[in-house]
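Student: My questions all concern the structure below.
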Amino acid sequence: MINTIVDSHCHLNFPQFKGKIDEIIKRAVEMKVTKMLTISTKLSEMNDLEEISKSYSQVFNTVGIHPHECKNHKNVHVDDLLKYTKNPKCIGIGETGLDFYYENSPKNLQLELFRIHIEAARKTNLPLIVHTRSADRETIDILQSEMKRGNFSGLIHCFSTGRELALKAIDLGFYISLSGIITFNKSSDLRNIVKDLPLNKLLIETDAPYLAPEPFRGKCNEPSYVVHTAKCLAKIMNKDIDSIAEITSNNFNDLFNVAS
């Protein structure tokens, strides 16, 4: 029986949840989801995120700018991020990183803002939440070069790419966060990578309202569904779901320095 489980990445302020947050949180708590981290994608969201995390004891928030949103944040400095970290419910920096799949924002601006977020993570000792798509090599290069300038912690969010990215990130002390993608029929290659990763470096997430796990694929995702990702991870690792829930929850608490 699961005692506690954590959704390490969701977007509770998104329009899909408008007017429904009470019931979303209630369903999550019924499934023993004791913590939810609602993630910033642009600075204009911060008031909403802070209000949600203030209203629910189970919810924490981050501050950050998604790669797609970089084009709308051309004059952002480290201090623009730091001011939001004074809120005790703000426990992470991001999501940030590189997305060269769509290139909704210029590459040079994505690279610049990625480094700014890393500096904010250093200054605050808060973990960095990294989004990377079609940019594994560039992401690792930046993380490795920036780590030489001063330590910081973090995770690769919604991991779904290559073994090299996971292993090199773990070598840097990073965690790997797994979403509902691991439950998809087409994800056998991903599951083969995941089974060789150290459990003490794994987290689970929903990325709600996106990427609902099987058997809810195609529907609006929500934090309560993180249990289905945990079930899949348990099968991959040949563990029981209680152990997976406990280990990934402890990993979250360790990384984000929050009480269990």
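Student: Condition test on T4, is it touching a strand residue (DSSP E or B) at 6+ places or on another chain (Cβ under 6 Å), closer than 28 Å to F100 by Cα, at pLDDT 95 or above and of a type in the set (S, T, Y)?
Tutor: So T4 fails the test.
Student: Pick from N108, N87, N75: which is at pLDDT below 95 and either among the acidic types (D, E) or surrounded by fewer than 17 Cβ atoms within 10 Å (Cβ to Cβ) (or both)? So that I can check it myself, show each step before the final result.
Tutor: Working: N108 fails: at pLDDT below 95; N87 fails: at pLDDT below 95.
Just a single option satisfies the conditions, and that option is N75.
Student: Hey, any hits in the range 230-244 for a residue that's outside any helix (DSSP H, G or I) and touching a helix residue (DSSP H, G or I) at 6+ places or on another chain (Cβ under 8 Å)? Give the derivation first.
Tutor: Step one: of the range 230-244, the residues outside any helix (DSSP H, G or I) are 238-240.
Restricting the remaining residues to those that are touching a helix residue (DSSP H, G or I) at 6+ places or on another chain (Cβ under 8 Å) gives 239-240.
Yes, the range 230-244 contains a residue that is outside any helix (DSSP H, G or I) and touching a helix residue (DSSP H, G or I) at 6+ places or on another chain (Cβ under 8 Å).
One line per residue, one yes/no per condition, for (1) assigned to a helix (DSSP H, G or I); (2) out of contact with any strand residue (DSSP E or B) (no Cβ under 8 Å at 6 or more places or on another chain); (3) closer than 21 Å to H73 by Cβ:
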{"residue": "N108", "(1), (2), (3)": "yes, yes, yes"}
{"residue": "E112", "(1), (2), (3)": "yes, yes, yes"}
{"residue": "I129", "(1), (2), (3)": "no, no, yes"}
{"residue": "E138", "(1), (2), (3)": "yes, no, yes"}
{"residue": "M147", "(1), (2), (3)": "yes, yes, no"}
{"residue": "N151", "(1), (2), (3)": "no, yes, no"}
{"residue": "L165", "(1), (2), (3)": "yes, no, no"}
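Student: Going through the range 183-208 one residue at a time, which ones are touching a strand residue (DSSP E or B) at 6+ places or on another chain (Cβ under 8 Å) and not β-branched (V, I, T)?
Tutor: Taking the range 183-208 first, the residues touching a strand residue (DSSP E or B) at 6+ places or on another chain (Cβ under 8 Å) are 194, 197, 201-208.
Those that are touching a strand residue (DSSP E or B) at 6+ places or on another chain (Cβ under 8 Å) and not β-branched (V, I, T): L197, K201, L202, L203, E205, D207, A208.
Student: If a residue must be crowded, with 16+ Cβ neighbours inside 10 Å and in contact with a helix residue (DSSP H, G or I) (Cβ under 6 Å, 6 or more places away or on another chain), how many such residues does the range 217-227 contain?
Tutor: Residues in the range 217-227 being crowded, with 16+ Cβ neighbours inside 10 Å and in contact with a helix residue (DSSP H, G or I) (Cβ under 6 Å, 6 or more places away or on another chain): 3 in total.
Student: Please verify whether I176 is in contact with a Phe, Trp or Tyr (Cβ under 7 Å, 6 or more places away or on another chain) and among the β-branched types (V, I, T), treating the condition exactly as stated. Steps first, answer last, please.
Tutor: Numbers: in contact with a Phe, Trp or Tyr (Cβ under 7 Å, 6 or more places away or on another chain): yes; among the β-branched types (V, I, T): yes.
In short, yes.
Student: While we're on this one: Go through the range 94-126 and give me each residue that's closer than 17 Å to C158 by Cα and of a type in the set (V, I, T).
Tutor: Across the range 94-126, the qualifying residue is only T96.
Student: Test each condition in (1) farther than 15 Å from H157 by Cβ; (2) under 14 Å from the mean Cα position of the chain (by Cα) for T41 and report the one that comes out false.
Tutor: All conditions are met except number (1).
Student: Then there's this: Filter the range 125-154 down to residues that are among the small types (G, A, S), touching a residue at least 12 places away in the same chain (Cβ under 8 Å) and farther than 16 Å from N251 by Cβ and give me whichever is surrounded by the most Cβ atoms within 10 Å (Cβ to Cβ). Give the steps one after another, and end with the answer.
Tutor: Kept after step one, since they are among the small types (G, A, S), are these residues of the range 125-154: 134-135, 145, 150, 153-154.
With touching a residue at least 12 places away in the same chain (Cβ under 8 Å) added as a condition, the list becomes 134-135, 150, 153-154.
If we keep only those that are farther than 16 Å from N251 by Cβ as well, we get 134-135, 150.
Details: S134: 13, A135: 23, G150: 11.
Per the criteria, the residue is A135.
Student: Still on this structure: Please state which of the following conditions H157 fails to meet, knowing it meets all the rest: (1) more than 20 Å from L126 (Cα to Cα); (2) touching a residue at least 12 places away in the same chain (Cβ under 8 Å).
Tutor: Here H157 meets the rest and fails (1).
Student: What number of residues in the range 90-103 are farther than 16 Å from F256 by Cα and crowded, with 19+ Cβ neighbours inside 10 Å? Outline the logic, then answer.
Tutor: First, pick out the residues of the range 90-103 that are farther than 16 Å from F256 by Cα: 96-103.
Okay, now just the ones that are also crowded, with 19+ Cβ neighbours inside 10 Å, so 96-99.
Number satisfying all stated conditions: 4.
Student: I'm trying to understand the selection: among the residues of the range 111-124, which are within 21 Å of N61 (Cα to Cα) and either surrounded by fewer than 19 Cβ atoms within 10 Å (Cβ to Cβ) or of a type outside the set (G, A, S) (or both)? Walk me through how you get there before you give the answer.
Tutor: Of the range 111-124, the ones within 21 Å of N61 (Cα to Cα) are 113-124.
Listed by number, the residues that qualify are L113, F114, R115, I116, H117, I118, E119, R122, K123, T124.
The values are calculated or read from the model by the stated rules, or taken from the named source; none is laboratory data. Treat the numbers as computed from the prediction; the structure is a model and nothing was measured. Neighbour counts are summed over all protein chains in view; Cβ atoms, including those assigned to glycine, are modelled from backbone coordinates with ideal geometry.
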